[in-house]
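The values are calculated or read from the model by the stated rules, or taken from the named source; none is laboratory data. These numbers were taken from a predicted model, which means no experiment stands behind them. No Cβ is skipped: glycine too gets one built from the backbone with ideal geometry, and neighbour counts run over all protein chains shown.
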Amino acid sequence: MTQEFSFELHKKDGLARRGTVHTKHGDIRTPAFMPVGTVGTVKGLYMEQVKGTGADIVLGNTYHLMLRPGAEEVAKLGGLHAFTGWQGPILTDSGGFQIMSLSKIRKIKEAGATFQSHIDGRKYELTPERAMEIQRLLGSDIQMQLDQCIEFPHSEKDAEKAMQLSLRWAERSRVAFGTQPGHGNFGIVQGGTNERLRLASAAGLMDIGFEGYAIGGLAVGEGQKLMLSTLDFTAPALPEDRPRYLMGVGTPDDLLESVARGLDMFDCVMPTRSGRHGQAFTRFGKINLRNAKHATDTRPLDAEHPCPALSQYSRAYLHHLIRAGELLGMMLLSWANIAYYQSLMQGIRDAIEAGTFEDFRAATHEQWKRGDIAN
């Protein structure tokens, strides 16, 4: 690890970990949830709002920014930090997820993946070297290797093939990353839900050596129970002194249970996507603002929360906005959800520091189960 990019593990409570990732653009308090800003925007929020929720880091995406406006164009404009106005750390996903999700318009070879743009049909080639070049041009603080993520269900043969390809791409990605003081390069553990494959992937990545390690290829249809059982044997195989990132996860419960298994970093589109569809995440559990029972409810989502979206607007008003299709409703619920996710992570960090994580975990589950009146 470079002098400027490092990870400090401050406290453990069981398997749960509290730490700090130090980067060129600031510190990331872990466990951390990263709001997803795929194309340089966390949908529906100003960057000032994102920062105000307590987020230390946001996520961008290599594939989407490659297509529009283009990595070279962003670099000319000062990089992704200057372009978006976000001055904290940024992590960029290498495009590996799109290799899976855009399977109908891509081809995979040893060299890399060839895509047909979903925007204009133009063809692009994304190799490990090009993925790292794009991320360097964007100037992201944490840059992910290019990997192949496969859908669930899949055969063990297909999982092994994708895992081995991802390992070969990891080695090429690491070489292409080169030396970037203050920036980190993360390898991605693949292997489906197979213990043998996951452990082989982790061992191969550690032989290469990265500043951090991610677990990819989960939350792709296998269900929470199988995801957590996979984490049970994968997380302990990763180095104690490096950050551990669970990609694309998830619900508040997913975060809580994954922290309990030793994971440090998370991202997911769920808080903003759910907000756009009228669903709020709160300390009382999920609240569907489309339901008619909220039409006359004058209470806010959470009167005690510091975020105005949670504490200053009535459920009746939010219900009206969502039912009317007003953009403000989508924006307010996206803001509320990101704020709740960040307060959940702060509560987790505080509990680990105090040595009361299991009590916090139980109390949080109980509050979600109990809900509140007419929620």
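Does Gly192 count as in contact with a His (Cβ under 9 Å, 6 or more places away or on another chain), farther than 14 Å from Gln148 by Cα and in a loop (DSSP other than H, G, I, E, B)?
When the stated conditions are applied, Gly192 does not pass them.
Residues that are among the aromatic types (Phe, Trp, Tyr), at least 3 per element: which helices (runs of 4 or more DSSP H) completely within the range 298-375 meet that?
The qualifying helices (runs of 4 or more DSSP H) are 327-354, 357-370.
How many of the residues in the range 231-258 are polar (S, T, N, Q) and crowded, with 22+ Cβ neighbours inside 10 Å?
2
On the basis of being over 25 Å from Met34 (Cα atoms), of a type in the set (Asp, Glu) and without any contact (Cβ under 8 Å) to a residue 40 or more places away in the chain, does Glu304 make the cut?
Criteria not met by Glu304.
In the range 268-313, what count of residues is obtained for those that are aromatic (Phe, Trp, Tyr), touching a strand residue (DSSP E or B) at 6+ places or on another chain (Cβ under 9 Å) and surrounded by fewer than 22 Cβ atoms within 10 Å (Cβ to Cβ)?
Selection size over the range 268-313: 1.
Filter the range 1-59 down to the residues that are hydroxyl-bearing (Ser, Thr, Tyr) and in contact with a His (Cβ under 6 Å, 6 or more places away or on another chain), then identify the one that is farthest from Ala82 (Cα to Cα).
That would be Ser6.
Identify, please: which residue in the range 33-70 is in contact with a Leu (Cβ under 8 Å, 6 or more places away or on another chain) and of a type in the set (Ser, Thr, Tyr) and is, among those, surrounded by the fewest Cβ atoms within 10 Å (Cβ to Cβ)?
Filtering the range 33-70 for residues that are in contact with a Leu (Cβ under 8 Å, 6 or more places away or on another chain) and of a type in the set (Ser, Thr, Tyr), the one surrounded by the fewest Cβ atoms within 10 Å (Cβ to Cβ) comes out as Thr38.
Could you grab me the full set of residues in the range 118-157 that are in contact (Cβ under 8 Å) with a residue 12 or more places away in the chain, part of a helix (DSSP H, G or I) and more than 14 Å from Ser173 (Cβ to Cβ)?
Hits for the range 118-157 are Leu137, Leu138, Glu156.
Of the residues Met34, Met66, which is outside any loop (DSSP other than H, G, I, E, B) and touching a strand residue (DSSP E or B) at 6+ places or on another chain (Cβ under 6 Å)?
Matching residue, one of Met34, Met66: Met34.
Filter the range 307-338 for residues that are among the aromatic types (Phe, Trp, Tyr) and either over 22 Å from the mean Cα position of the chain (by Cα) or over 22 Å from Pro35 (Cα atoms) (or both) and give the result.
Tyr313, Tyr317
Give me the pairs: first residue in the range 324-338 and in contact (Cβ under 8 Å) with a residue 60 or more places away in the chain, second residue among the basic types (Lys, Arg), beta-carbon distance under 6 Å, and six or more apart or on different chains, which are they?
Cβ pairs passing all conditions: Met330/Arg276.
Looking at (1) more than 18 Å from Met265 (Cα to Cα); (2) modelled with pLDDT of 95 or more; (3) not hydrophobic (A, V, I, L, M, F, W, C), which is the one condition that is false for Arg242?
Against the list (1) more than 18 Å from Met265 (Cα to Cα); (2) modelled with pLDDT of 95 or more; (3) not hydrophobic (A, V, I, L, M, F, W, C), Arg242 comes up short only on (1).
Tell me yes or no: at least one residue of the range 290-304 is at positive phi, at pLDDT 95 or above and not assigned by TED's automatic domain parsing to the domain that holds Gly44.
no
Would it be correct to say that Asp27 is assigned by TED's automatic domain parsing to the domain that holds Gln180, buried (at least 23 other Cβ atoms within 10 Å of the Cβ) and among the acidic types (Asp, Glu)?
no
In the set Gly221, Gly187, which member is crowded, with 20+ Cβ neighbours inside 10 Å and not in a helix (DSSP H, G or I)?
Exactly one residue qualifies, and that residue is Gly187.
Filter the range 72-116 down to the residues that are farther than 28 Å from Met47 by Cβ and in a loop (DSSP other than H, G, I, E, B) and list them by number.
Lys109, Glu110, Ala111, Gly112
Please specify each residue of the range 71-106 satisfying the condition of being exposed (fewer than 14 other Cβ atoms within 10 Å of the Cβ) and among the acidic types (Asp, Glu).
Glu72, Glu73
Test each condition in (1) in contact with a Ser or Thr (Cβ under 9 Å, 6 or more places away or on another chain); (2) crowded, with 18+ Cβ neighbours inside 10 Å; (3) within 14 Å of Asp372 (Cβ to Cβ); (4) aliphatic (A, V, I, L, M) for Met265 and report the one that comes out false.
(3)
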